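Data first, discussion second: the structure below is written as structure tokens.
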Amino acid sequence: MATEIILIDDHKLFREGVKRILEFEPSFHVVAEGDDGSSAMELVAEYKPDVVLMDINMPGTNGVEATSSLIEQFPDVNVIILSIHDDENYVTHALKSGAQGYLLKEMDSNSLIEAIKVVSDGGSYLHPKVTHNLVKEYRRLSEEKTNAVTEKVIDYRKPLHLLTRRECEVLQLLADGKSNRGVAESLYISEKTVKNHVSNILQKMNVNDRTQAVVAAIRNGWVEVL
């Protein structure tokens, strides 16, 4: 069955561009479009889509407020926020509202397609640049907390008891904010091989998606964040 999608953005030209990209993916079907948060509620109630692509800045009800209301009334809907902001405050508010994904509008078409597929399967997806900024902020807050309690230096231990050396390298690059393509280019391997490594990492770490894997790796001191 096709993944049914609703586009919500107050810029018609941007909506048309995104829709044109999605139309090239046989498994996607854009069932409706809207230009504000209020129309999002009405369209989701009518079409019951799998994924909603939601602009964060709109007149009236913004994307975060609309997402929160959508999730409250339709808990099974998956929302991906579209934004020009990579600041962690925007991302945090979006995720707290219930969004399953956060993409910057500078994304390429492959990232958009991958995000929709991941989110429609129940996972989470953050733009690589956003992931990197979140990781840096998490690291900063962790260091502040650590320094307030003790001056002990964190000993970074690669999880070789759990992952292979190559998987450790992939995990570090994910923490650096690399996309699958970026990891492939850094390690001179194919994107298919990267996807296999990521799948193995998620299974071995018992997490659902790459964002959870990175956060767990930081918490355990398995990766370094610059």
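The values are calculated or read from the model by the stated rules, or taken from the named source; none is laboratory data. Everything numeric here is computed off the predicted structure, so don't read it as measured data. Glycine gets a Cβ as well: all are built from the backbone with ideal geometry, and neighbour counts include every protein chain shown. Please note that ligands, DNA and RNA were not included when accessible areas were found on the heavy atoms of the full protein model with its side chains. Shrake-Rupley method; radii C 1.70, N 1.55, O 1.52, S 1.80 Å.
Taking the options Asp50, Asp55, Asp76, Asp35, name whichever one is among the acidic types (Asp, Glu) and touching a residue at least 60 places away in the same chain (Cβ under 8 Å).
Matching residue, one of Asp50, Asp55, Asp76, Asp35: Asp50.
Taking the options Val44, Val30, Val64, Val52, name whichever one is of a type in the set (A, V, I, L, M, F, W, C) and either in contact with a Cys (Cβ under 8 Å, 6 or more places away or on another chain) or over 19 Å from Tyr125 (Cβ atoms) (or both).
Unique residue meeting the criteria: Val44.
So which residues in region 23-48 are closer than 18 Å to Tyr102 by Cβ and either in contact with a strand residue (DSSP E or B) (Cβ under 7 Å, 6 or more places away or on another chain) or open to solvent by 50 Å² or more (accessible area, probe 1.4 Å) (or both)?
The one that is closer than 18 Å to Tyr102 by Cβ and either in contact with a strand residue (DSSP E or B) (Cβ under 7 Å, 6 or more places away or on another chain) or open to solvent by 50 Å² or more (accessible area, probe 1.4 Å) (or both): Ala40.
Scan region 84-108 for residues that are over 20 Å from Pro49 (Cβ atoms) and among the hydroxyl-bearing types (Ser, Thr, Tyr) and jot them down.
Selection gives Tyr90, Thr92.
Taking helices (runs of 4 or more DSSP H) that do not extend beyond region 49-150, which have at least 2 residues that are at pLDDT below 90?
Output list reads 88-96, 128-149.
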